[in-house]
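Where a number appears in this text, it was derived from the coordinates with a stated rule and is not lab data. Just so it is clear, the model here is predicted, and its values are computed rather than measured. Please note: Cβ atoms are built from the backbone with ideal geometry, for glycine as well, and neighbour counts cover all protein chains shown.
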Amino acid sequence: MLIEFDHRESDSLYVERIWRSRSRQGGVFLSMAESSIELVFTRLPGFSAATLRGPVSRGGPIECPPHGEWVAIRFRLGAYLPQFPTASLIDHQNVQLPMLPDGRFWFSGQAWEVPSYDNAEDFVARLARAGVIALSHATDAAIERDHSRMNQRSVQRHFRRVTGMTFSTYQQIRRARHAAALLMDGSSVLDATFDAGYFDQAHLTRSVRHLIGTTPARLARERPQLSFSYKETGA
C-alpha cells in the first residue's frame with residue numbers, strides 16, 4: 001500500500017475519529033468525497049504543517065509525497081468552527097495554520113501544542129473551552145428525522161449552515177463511501193449495488209465515479225489506494 005492508515009474511535013462529543021497515516025513512497029491515491037471537517041498535522045522531511053480541511057464534494061486523484069506522517073482529528077457531523085464557516089472550507093479551500101518556530105501552531109488567536117494520536121481529545125477539549133469549536137444538534141435531528149423541535153425546512157437550513165452541504169448530498173457521500181468499501185472488500189458490483197441501496201448498476205456507477213473518483217469495476221478489480229475510510233453502514 002502507498003499509505004498505511006491506523007485509526008480509533010473517540011469518546012469526545014466533538015470528534016468522530018482519530019486517524020494517522022504514513023507514506024512509504026510517493027504516488028497518487030484517490031481522495032474520496034468527504035462530509036466532515038478535519039484538522040490534519042503533517043510531518044515531512046524538513047517540513048511540518050497544520051491544515052484545516054473542509055468537506056469535499058467530488059472524488060479525484062491526489063499526489064502523495066514520500067516519507068510523510070500525518071495525524072488527523074476528524075470532527076463529528078455537527079461540530080463546526082464559528083470563525084471558519086464550513087461552506088468556506090469546501091472542496092480543498094483549506095486553511096493552512098501558521099507554524100511557529102517553537103513547533104506550536106497559531107489557531108484562532110493563540111498558540112497551541114500540536115496534539116498526538118493519543119492526546120487529541122485533550123486538545124479538542126481545550127478548543128471547546130476556548131470557544132474555538134461548537135456543536136449543533138440540528139444535524140442529529142436531520143439524520144434521525146426528528147422534527148419535533150423545529151420544522152423540516154428549519155432542520156434542513158441549519159444542517160446546511162453547519163455542514164456546508166445539503167442533507168441529500170451528505171447521504172449520497174455516505175452511500176458512495178459505503179459502496180466503495182464493499183467493492184474493496186470483495187463484493188461484486190451487483191451485490192454492492194443493492195447492499196448500498198442503489199436503484200441499479202448505472203446509478204451506482206454514476207455516484208461512485210463522481211464521489212469516489214473511479215468506476216466500481218476498477219475498485220473491485222484493482223483495489224486502488226483510497227483516502228482514509230473505515231467500515232460503516234450504508235445511508
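Counting every other Cβ atom within 10 Å of each residue's Cβ, 205, 214 order from fewest to most as 205, 214. Rounded to the nearest whole angstrom, the semi-axes of the ellipsoid equivalent to the chain, taken from the Cα gyration tensor as √(5λ), stand at 29, 25, 14, largest first.
Measuring gaps between exposed loop sites in the chain (trypsin sites (Lys or Arg not before Pro); DSSP loop; at most 16 other Cβ atoms within 10 Å), the longest gap, sites not included, is 150-230. Could you tell me whether the range 68-130 comes out rounded, prolate or oblate from its Cα gyration tensor? Rule is a ≥ b ≥ c as square roots of the eigenvalues, rounded for a/c under 1.5, then prolate if a/b exceeds b/c, otherwise oblate. Cα axes put the range 68-130 in the rounded bin. Here the range 71-85 is scanned for amide nitrogen atoms under 15 Å from the site 7 Å beyond the Cα of residue 42 along Cα-to-Cβ, giving 71-73. Sorted from longest to shortest, the spans of the Cα atoms of the range 3-135 along the three principal axes equal 39, 35, 26 Å. Distance between the 7 Å Cα→Cβ label points at residue 28 and residue 94: 1.8 nm. Computed on the range 2-57, the Cα convex hull volume stands at 103 Å³ per residue.
How much of the pair distance distribution for the range 156-235 lies past 19 Å, counting alpha-carbon pairs only, in percent? Can you show the working numbers first?
Details: 1040 of 3160 pairs.
Counting pairs separated by more than 19 Å, the tail of P(r) holds 33 percent.
Using Cβ point charges alone (K and R +1, D and E -1), the dipole size of the chain about the Cα centre works out to roughly 620 debye. This ranking places 132, 15 by how few other beta-carbon atoms lie within 10 Å of each, fewest first, which gives 132, 15.
Short-range pairs are left out: with C-alpha atoms under 8 Å and at least six residues apart, the relative contact order of the chain is 22 percent. If contacts are Cα pairs under 8 angstrom and at least 6 residues apart, what is the relative contact order of the range 3-135 in percent? Reported as a whole number, the value is 26 percent. Remark: 227, 116 ranked as 116, 227, counting other beta-carbon atoms within 10 Å and listing the fewest first.
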